[in-house]
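Trainee: The structure under discussion is supplied below as C-alpha cells; questions concerning it will follow.
The values are calculated or read from the model by the stated rules, or taken from the named source; none is laboratory data. Owing to the predicted nature of the structure, the values given are computational and were not obtained by experimental measurement. Positions of Cβ are backbone-derived with ideal geometry, glycine not excepted, and every protein chain shown enters the neighbour counts. For accessibility, only protein heavy atoms count, side chains too; no ligands or nucleic acids. Shrake-Rupley method; radii C 1.70, N 1.55, O 1.52, S 1.80 Å.
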Amino acid sequence: AVVPGDRLYPLPDGAAATEAAAAFHSAATAFIGLHHRARARAGQTILVGGAAGGIGSALVRFASEAGLRVIATARPSDHARCLEQGASTVFDFGDPSLAGRVIDAAPGGVDIHWDTSGRMPLNAMEPVTASGGKIIVTAGAEPQPPKTSLLPIFTRDISVIGFVISLATATELADAAQAINRHLASNGFTTKAAGTMPLSKTAEAHALVESRQSARAIIQIGRQP
C-alpha cells in the first residue's frame with residue numbers, strides 16, 4: 001500500500017496500533033465535524049444522539065474537553081459510559097418524551113444538534129435546535145418523512161451541514177490526528193471492536209459489522225504481533 005506522506009501520522013509511544021485503527025475513523029469524524037464544520041465554541045450546548053457509539057462517544061469527549069455542555073442520548077445501559085466520557089446529562093433515545101426533556105435541559109434549544117445514527121428526521125431535530133443553531137448530518141440513508149417542511153429551518157436561521165470524512169482535507173486530518181494521539185497516549189478511546197481477525201476472515205468481519213454486532217472489526221495483515 002502506498003500512502004501520501006501528509007496522510008501518515010506517527011503514533012505516540014505505547015499506543016496500540018489496533019486501538020488506533022479501530023478509533024481513527026470515528027474519532028476523526030467527530031473531531032473534524034465538531035471543530036471544522038460546526039465551528040464549536042466553549043460555552044455552547046451540543047446534543048449528541050447515539051452518544052455510546054464510535055463517533056458519538058468520541059464526540060462527547062472532544063466536545064466536553066473543548067468546554068461545551070454535552071447533552072447525550074443513548075440506551076439506559078450506556079448512560080454511565082456517556083457520563084464518564086464527559087456528558088453532563090443523558091437521556092434514553094427511545095423515550096417518547098425525549099424532545100420535552102431536552103427542552104427542559106436547554107430551554108433555548110441546543111446550539112449544535114448531531115444525531116450520529118442518522119435515524120432522526122429533520123422535522124424532529126429542528127424543534128430542539130436553537131435559532132441560529134446547526135444540525136450536523138453524517139449518516140442517514142433513509143428518506144425524510146413525506147411532507148417534511150423546510151419552513152422552520154430557514155425562518156429560524158438553522159444551518160444543516162453535511163460532512164463525510166472522505167472529503168476532509170489533509171490539514172483537517174492532521175489536526176484530528178494530533179488530538180486523537182493525545183488520547184491514545186493517555187486513556188485511549190472506548191471504541192467497540194470485535195477484536196483482531198486474520199485477513200482470511202475478512203468476509204466474516206464484514207458480516208459482523210453489517211449485522212451491527214460490532215461497530216468495528218480489526219483485520220491483521222501478515223504475521224500476528
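Trainee: Looking at 159, 131, 117, 166, can you tell me which residue is of a type outside the set (A, V, I, L, M) and either exposed (fewer than 11 other Cβ atoms within 10 Å of the Cβ) or more than 20 Å from residue 46 (Cβ to Cβ) (or both)?
Mentor: Exactly one residue qualifies, and that residue is 166.
Trainee: Restricting attention to segment 101-134, which residues are of a type in the set (Gly, Ala, Ser), farther than 16 Å from residue 152 by Cα and modelled with pLDDT of 95 or more?
Mentor: If the condition is that a residue be of a type in the set (Gly, Ala, Ser), farther than 16 Å from residue 152 by Cα and modelled with pLDDT of 95 or more, then 105, 106 are the ones that fit.
Residues checked against (1) within 29 Å of residue 7 (Cβ to Cβ); (2) without any contact (Cβ under 8 Å) to a residue 60 or more places away in the chain:
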position: 117; (1), (2): yes, no
position: 121; (1), (2): no, yes
position: 205; (1), (2): yes, yes
position: 211; (1), (2): no, yes
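Trainee: How many residues are among the charged types (D, E, K, R) and surrounded by fewer than 15 Cβ atoms within 10 Å (Cβ to Cβ) if we restrict to segment 134-143?
Mentor: 1
Trainee: Which of the strands (runs of 3 or more DSSP E) contained wholly in segment 132-222 include at least 1 residues that are closer than 16 Å to residue 20 by Cα?
Mentor: Hits in segment 132-222: 193-198, 216-220.
Trainee: Still on this model: Checking the condition of a type in the set (S, T, N, Q), farther than 19 Å from residue 158 by Cα and within 11 Å of the chain's Cα centre (by Cα), which residue from 29, 18 passes?
Mentor: When all the criteria are applied, what remains is 29.
Trainee: Taking residue 154 as meeting all but one of (1) of a type in the set (Phe, Trp, Tyr); (2) free of Cβ contacts under 8 Å to residues at least 40 places away in the same chain; (3) surrounded by 20 or more Cβ atoms within 10 Å (Cβ to Cβ), write down the number of the exception.
Mentor: So residue 154 meets the others, but not (3).
Trainee: For segment 60-102, name all the residues that are of a type in the set (Asp, Glu) and either touching a residue at least 60 places away in the same chain (Cβ under 8 Å) or open to solvent by 60 Å² or more (accessible area, probe 1.4 Å) (or both).
Mentor: Matches in segment 60-102: 65, 84.
Trainee: Among the residues of segment 20-36, which ones are open to solvent by 10 Å² or more (accessible area, probe 1.4 Å) and touching an Asp or Glu at 6+ places or on another chain (Cβ under 9 Å)?
Mentor: Once the filter is applied, which keeps residues that are open to solvent by 10 Å² or more (accessible area, probe 1.4 Å) and touching an Asp or Glu at 6+ places or on another chain (Cβ under 9 Å), segment 20-36 yields 31, 35, 36.
Trainee: Could I ask something else about it? Can you name the residue in segment 103-114 that is part of a loop (DSSP other than H, G, I, E, B) and of a type outside the set (A, V, I, L, M, F, W, C) and is also most open to solvent (accessible area, probe 1.4 Å) among such residues?
Mentor: Here the residue is 107.
Trainee: If residue 146 satisfies every condition in (1) open to solvent by 50 Å² or more (accessible area, probe 1.4 Å); (2) touching a strand residue (DSSP E or B) at 6+ places or on another chain (Cβ under 8 Å) but one, which is the exception?
Mentor: If we test residue 146 against (1) open to solvent by 50 Å² or more (accessible area, probe 1.4 Å); (2) touching a strand residue (DSSP E or B) at 6+ places or on another chain (Cβ under 8 Å), just (2) comes out false.
Trainee: Of the residues 204, 210, 172, 142, which is in contact with a helix residue (DSSP H, G or I) (Cβ under 6 Å, 6 or more places away or on another chain) and among the charged types (D, E, K, R)?
Mentor: Result: 172 is the single residue among 204, 210, 172, 142 that is in contact with a helix residue (DSSP H, G or I) (Cβ under 6 Å, 6 or more places away or on another chain) and among the charged types (D, E, K, R).
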